[in-house]
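Asks: Structure incoming, see below.
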Amino acid sequence: MEHGVRSQALETDVGPRRRFEELALPDLRALYRFARKLTGDGAAAEDLVQDTYLRALNAFPSLRDPGRVKPWLFQILSHLVTDRHRSAGREVPLPSPEVLDRFSLYDLISEEDPLPYSDRLHDDFLAQFPDEEVRAALLALPEAYRVSLVLLYTEEMSYRELAAVLDCPVGTVMSRLHRGRKILERELWECAKRRGLVRTWKAGS
Amino acid sequence: MRQEARVGEDMESRKLSCELAVQQFFAYLDRALKGEPLEALEAHLEACLDCCDKLQFSRKLDAFVKDRLGEAALPEGIENRIRRALAG
């Protein structure tokens, strides 16, 4: 129904679509870069970007400030990811926020000392991970945390800019970026255990 | 005894300071800390080598993950495909 209304509008008035393309397509590269890092897959990223543009064209009349088209597009893409992955059910089970906030990969590496002959223990621990495993750990993050972290890493936005894109208070951004990194640290530790890099019998590990 | 208690209190307050400091590391790395909280954290870091090491690790971990997200070239023909999709 929604698609039908949009098609009808386009058939009768080509002008707004041209204007939309002129305004929004220059951000294609940035949007694709963001989508690629979020999905870890070229075809999925391309679909996501195309869906973002279709939804944006539909919502174009509601864009009040054409100068803010880029954050608006990022916002639409972020919402699409959140909506899609909410039902996908591929997230890792999470401990309570209190347990998560206390989690420290640094401390665990120090305590377990998985590389006893290393004089750069923490650096050498990280060097054990192939790129794919780091990406897999990031992809396993619940979408709200993943979107926030990838936006920060890719676009280097301030917390205020992130809050505008994610449509949430700055405090929520701060908490998602903190907790998202903690979940990632925990995922890397779990990954190290699976690979036999650290012992698994020790209490608290 | 009294002196021991004072040492214990000092250690306790130091521990709390470290806990609070660690909670603010990511905001610090993201340049989101300003004013008094920033000054308090920097003063703590000047005096606490443990926290400096932990902060350094957090900074490295950020860069480590960021580097591994990779860069991908824009797929050939994507703009035309999107233009066609927009045209319905």
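Asks: From the list B:LYS54, B:LYS66, B:LYS60, B:LYS34, pick out the single residue that is among the basic types (Lys, Arg), more than 8 Å from chain A (Cβ to nearest Cβ) and either touching a Lys or Arg at 6+ places or on another chain (Cβ under 9 Å) or within 21 Å of A:ARG181 (Cβ to Cβ) (or both).
Replies: Every option except B:LYS34 fails the conditions.
Asks: Of the residues that sit in segment A:112-141 and are acidic (Asp, Glu), free of Cβ contacts under 8 Å to residues at least 24 places away in the same chain and closer than 22 Å to B:CYS52 by Cβ, which one is nearest to the other protein chains (Cβ to nearest Cβ)?
Replies: Going through the qualifying residues, I end up with A:ASP123.
Asks: May I ask you to verify whether B:GLY70 is modelled with pLDDT under 95 and closer than 30 Å to A:ARG36 by Cα?
Replies: Against the criterion (modelled with pLDDT under 95 and closer than 30 Å to A:ARG36 by Cα), B:GLY70 qualifies.
Asks: Oh, and also: So, in segment A:49-77, exactly how many residues are of a type in the set (A, V, I, L, M, F, W, C), away from every other protein chain (no Cβ under 11 Å), part of a helix (DSSP H, G or I) and more than 13 Å from the chain's Cα centre (by Cα)?
Replies: Residues of segment A:49-77 that are of a type in the set (A, V, I, L, M, F, W, C), as a first pass: A:49, A:54, A:56-57, A:59-60, A:63, A:69, A:72-74, A:76-77.
With away from every other protein chain (no Cβ under 11 Å) added as a condition, the list becomes A:59, A:63, A:69, A:72-74, A:76-77.
Still in the list and also part of a helix (DSSP H, G or I): A:59, A:69, A:72-74, A:76-77.
Subsequent filtering for residues that are more than 13 Å from the chain's Cα centre (by Cα) retains A:59, A:69, A:72-73, A:76.
Residues in segment A:49-77 being of a type in the set (A, V, I, L, M, F, W, C), away from every other protein chain (no Cβ under 11 Å), part of a helix (DSSP H, G or I) and more than 13 Å from the chain's Cα centre (by Cα): 5 in total.
Asks: Please verify whether A:ARG120 is farther than 25 Å from B:ALA27 by Cα, basic (Lys, Arg) and not assigned by TED's automatic domain parsing to the domain that holds A:LEU31, treating the condition exactly as stated.
Replies: Yes; evaluated as a whole, the condition is true for this residue.
Asks: A further question follows. Can you pull out every residue in segment B:26-40 that is assigned to a helix (DSSP H, G or I) and modelled with pLDDT of 95 or more?
Replies: Step one: filter segment B:26-40 for residues assigned to a helix (DSSP H, G or I), giving B:26-29, B:35-40.
Listed by number, the residues that qualify are B:PHE26, B:ALA27, B:TYR28, B:LEU29.
Asks: With the condition kept exactly as written, say whether any residue in segment A:163-179 is under 22 Å from B:LYS54 (Cα atoms), among the polar types (S, T, N, Q) and either exposed (fewer than 15 other Cβ atoms within 10 Å of the Cβ) or within 13 Å of chain B (Cβ to nearest Cβ) (or both).
Replies: yes
Asks: Continuing with the same structure: If I ask for residues that are part of a helix (DSSP H, G or I), more than 13 Å from the chain's Cα centre (by Cα) and not acidic (Asp, Glu), which ones from segment A:150-178 would you list?
Replies: Initially, segment A:150-178 is screened for residues part of a helix (DSSP H, G or I), giving A:150-155, A:159-166, A:170-178.
The next check asks that each one be more than 13 Å from the chain's Cα centre (by Cα); those that pass are A:159-161, A:163-164, A:170-172, A:174-175, A:178.
Across segment A:150-178, the qualifying residues are A:TYR159, A:ARG160, A:ALA163, A:ALA164, A:VAL170, A:GLY171, A:THR172, A:MET174, A:SER175, A:HIS178.
The values are calculated or read from the model by the stated rules, or taken from the named source; none is laboratory data. Note that the structure is predicted; figures quoted are calculated from it, not measured. Counting neighbours? That spans all protein chains shown, and the Cβs are built from the backbone with ideal geometry, glycine included.
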